[in-house]
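The values are calculated or read from the model by the stated rules, or taken from the named source; none is laboratory data. What you are looking at is a predicted structure, and each value in this text was computed from that prediction instead of being measured. Cβ atoms come from the backbone with ideal geometry, glycine included; neighbour counts cover every protein chain shown.
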Amino acid sequence: MYEQETFEKTLELAQKAYDNDELPVGAILKVFEHSSNNNKLIFEYCAHNQTNKNKDPLSHCEKICIEKYIESREEYINKSNIIVDMDTGKEYEKLINNGDNNLTNTENNLKNDILEIYITLEPCVMCYGIIERLSKYVKHIYVYYGVKNEIFGATTVLKDIISNTNDKITFKDINDYRTVEIIKKFYSENRNERVN
């Protein structure tokens, strides 16, 4: 369930991104193992956008968090004969794109995981695709975002698809406009940056 304190930490991560000349977006991924008694927190990872640092336009903070989640659950993923070596970064794409048949055992081992993703800005279409793909193998994913991204945001661009297809993902707009202020400040000081 939503925690304001966790969202506040994403704003700190966005500030850290800003301080490092990155688009100021921060994310926290919490993973809970669901049981009949309660949901136990088993994993938490924080990240901010790192497209400049990694020289990779796809280094969005929620994608980085999901990669770390997959790495942390490596023992389950390896049981399904998927090789995960996070040193190269390619293995995550292999996992996401390998096809459903290779993930059968992974689904059985991750099916009790409940994910909460806190992010300062609504996920883009690419990141939504990763979240949607992952939702097939976990119990549920909750995505709490600070503000809508009216240009690239998944719930805006894919509105009809998202509202009608996946009941294992819940989006919640927090409407915290501090996110907008730091992004505006970033672009006013970095006029040559591309919007992404």
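Here are the numbers:
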{"read-out": "Boolean, TYR18 is aromatic (Phe, Trp, Tyr), modelled with pLDDT of 90 or more and either within 18 Å of the chain's Cα centre (by Cα) or surrounded by 15 or more Cβ atoms within 10 Å (Cβ to Cβ) (or both)", "value": "yes"}
{"read-out": "Filtered residues of the stretch 151-175 (kept if more than 15 Å from the chain's Cα centre (by Cα) and at pLDDT below 80)", "value": "ILE151, THR156, VAL157, LEU158, LYS159, ASP160, ILE161, ILE162, SER163, ASN164, THR165, ASN166"}
{"read-out": "Residue selected from the stretch 1-48 under the condition among the aromatic types (Phe, Trp, Tyr) and touching a residue at least 60 places away in the same chain (Cβ under 8 Å), by the criterion farthest from HIS140 (Cα to Cα)", "value": "TYR18"}
{"read-out": "Of residues in the stretch 136-150 being in contact with a Leu (Cβ under 9 Å, 6 or more places away or on another chain) and modelled with pLDDT under 90, the one surrounded by the fewest Cβ atoms within 10 Å (Cβ to Cβ)", "value": "LYS136"}
{"read-out": "Residues of the stretch 30-67 satisfying the condition of being touching a strand residue (DSSP E or B) at 6+ places or on another chain (Cβ under 6 Å), of a type outside the set (A, V, I, L, M, F, W, C) and surrounded by 14 or more Cβ atoms within 10 Å (Cβ to Cβ)", "value": "LYS30, GLU33, HIS34, ASN39, GLU44, TYR45, HIS48, GLU62"}
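This table checks each residue for (1) of a type in the set (A, V, I, L, M, F, W, C); (2) at pLDDT 95 or above; (3) more than 15 Å from ILE130 (Cβ to Cβ).
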| position | (1), (2), (3) |
| --- | --- |
| TYR2 | no, no, yes |
| LEU11 | yes, yes, yes |
| LYS40 | no, no, yes |
| ASN78 | no, no, yes |
| ASP87 | no, no, yes |
| ASN97 | no, no, no |
| THR104 | no, no, yes |
| ASN109 | no, no, yes |
| GLU116 | no, yes, yes |
